[in-house]
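**Student:** Please read through the structure below; I'll follow up with questions.
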Amino acid sequence: MMFTSNYAEQVIPLDPEPDDDGVINHPQKSPALLPRLSYENDYLFITSPYVVIDAEIIIRDVYGNILYDSIVTLPASSYVMVLPNSVNSDKYSIQLYINGHSYIGYF
């Protein structure tokens, strides 16, 4: 599948998400080992250097409402998903749960 557009792909930086007590209970991993998230137009791209089984992807709006929640297997390449229609030009968070660790990014 090939995507072309007049827009540049936007990278979504991921950071470890603190637990309920505000503590990050896992070490910062090298960015090369984390999947890379980016978006362009209506597409979200997740590029992983390894297969991730049972990765949970959650997209929330600025009010914390869940717009998308799915558990998927990420291939050791690119995973492409169409963003839900409710995701438009507002600010959103994306949470990625991998192997018991939570990462968050904003777009």
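**Student:** Could you state the accessible area per residue of the stretch 54-107 in Å², with a 1.4 Å probe and every protein chain left in place?
**Tutor:** 54 Å²
**Student:** Next question, about the same structure. If R₀ is 30 angstrom, what is the calculated FRET efficiency for the pair N41 and D61, using the beta carbon separation as r and rounding to 0.05?
**Tutor:** Here the calculated transfer efficiency is 0.95.
The values are calculated or read from the model by the stated rules, or taken from the named source; none is laboratory data. Here the structure is a predicted model, which is why all the values come from computation and not from measurement. A quick note on method: Cβ atoms are made from the backbone with ideal geometry, for glycine too, and the neighbour counts reach across all protein chains shown. Side chains are part of the model used for accessible areas, which takes the heavy atoms of the whole protein and leaves out ligands, DNA and RNA. Shrake-Rupley method; radii C 1.70, N 1.55, O 1.52, S 1.80 Å.
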